[in-house]
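Here is the structure we will look at, set down as structure tokens.
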Amino acid sequence: MSDHSTAKRRIVVLISGSGSNLQSFIDGCADGSVNGDVVAVISNKAGVKGLERAAAAAIPNITLDHNSFASRTEFDAALADVIDSFSPDLIVLAGFMRILTPQFVNRFLGRLINIHPSLLPKYPGLHTHQRAIDAGDSEAGATVHFVTAELDGGPAIVQARVELLKNDSAETLASRVLNYEHQIYPLAAEWFCQGRLELRDGHVILDNELLPESGVCVEIAERAE
Ligand code: GAR
């Protein structure tokens, strides 16, 4: 009889680019810090580095170019069918730069998570780091959240806060924040894989406790990469 508490969860990762967050999942699944397997990687862009990372780890990788579809709805429907063909427990958006239709989001509600490079609800959308610098913020960061139909608006699971330094450019800040992203994203996934994390009536529950609006705030240090 299979043991559901220890069975590895099936994870599908969606990307559009470099896939450094994808890599943190590949590594976390390989070293056992995430009780899962990345069973497929899907990109809406051909030739991106994330696809190479998947191939190097012998993970099925698929390009589904949104430009070959007549509408967002048709692309999302095709994407959802490809995802379902891998029977995932968890779908991870890792730098997947597409706005998703409510139909798509609702099909996977509760098992669809995203990472966004800001302290949501601050700075949904693009250019988050430049916006934090322009606003004179003293800190920036990243948020892992459940995806809902509202863009970058779903309830937060975990946040990492990063000091914004006087001389930071969008690039230096992005690279520091990414370092933290690579730690908090697999951590949130592991909570999910262990059955400790769920979306219940629009709220995030971890270990049967309702999380605060900003999710768990973890104390972590920058890690050598
Ligand atoms: C990451 O910084 C991620 O937070 C961001 O794109 C980057 C992808 O990097 N995502 C968004 O902006 C989504 N709104 P990666 O491809 O190296 O993982």
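Bear in mind that the values in this text are calculations on the coordinates, not laboratory data. Not measured: the values here are computed from a predicted model. FYI the Cβ positions are ideal-geometry reconstructions off the backbone, even for glycines, and counts take in every protein chain you see.
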#### Entry: Cβ-based charge dipole, the chain, positive-most Cα from A221, G28, P60
P60
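Using 0.36 nm per residue, how much length does the chain from E139 to D27 gain when fully extended, once their Cα-Cα distance is taken away?
On the way: separation 112, 0.36 × 112 = 40.32 nm, distance 2.82 nm.
Between E139 and D27, full extension yields an extra 37.5 nm.
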### Task
Could you tell me the distance between the Cα centroids of region 154-225 and region 107-145, to the nearest Å?
10
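Treat every Asp and Glu Cβ in region 1-100 as -1 and every Lys and Arg Cβ as +1, leave all other atoms uncharged, and give the resulting dipole magnitude about the Cα centre to the nearest 20 debye. Display every interim value, and only then the final one.
Values: 8 positive and 11 negative charges, 47 e Å.
In total the dipole reaches around 220 debye.
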### Summary
D81 neighbourhood, Cβ < 12 Å, K/R = +1, D/E = -1, net charge -2
### Query
Which residues does a label at E163 reach in region 184-225, if reach means a backbone N under 16 Å from a point 7 Å past the Cα toward the Cβ?
219-223
### Query
What distance in nm separates the simple spin-label points at Q103 and A149, each placed 7 Å from Cα in the Cβ direction?
1.3
### Query
With labels modelled as points extended 7 Å from the Cα through the Cβ direction, what inter-label distance (nm, one decimal) is found for K8 paired with E171?
3.8
### Task
May I ask you to evaluate 6.51 cos²θ - 1.76 cosθ + 1.60, the Karplus curve with θ = phi - 60°, for each residue of region 97-109 and list the ³J(HN,Hα) values in order in whole Hz, giving x for glycine and proline?
9, 10, 7, 9, 6, x, 4, 5, 4, 5, 5, 10, 3
### Query
How large is the charge dipole for region 38-169, taken about the Cα centre, if only the Cβ atoms of Lys, Arg (+1) and Asp, Glu (-1) carry charge, to the nearest 20 debye?
100
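Given a cut-off of under 8 Å on Cα pairs at least six residues apart, what relative contact order in percent is computed for the chain? Each step should come with its number before you reach the end.
Details: 424 pairs, mean separation 41.6, N = 225.
About 19 percent, as a whole number.
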### Task
Could you rank the peptides 206-213, 190-197 by their average count of other C-beta atoms within 10 Å per residue, with the highest value first?
190-197, 206-213
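If you take the beta carbon distance between E219 and E52 as r and set R0 to 35 Å, what does 1/(1 + (r/R0)^6) give as a FRET efficiency, to the nearest 0.05? The partial results should precede the final answer.
On the way: r = 34 Å, r/R0 = 0.96.
Efficiency, rounded to the nearest 0.05: 0.55.
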### Query
Taking only C-alpha pairs under 8 Å that are 6+ residues apart, what is the relative contact order of region 21-66 in percent?
37
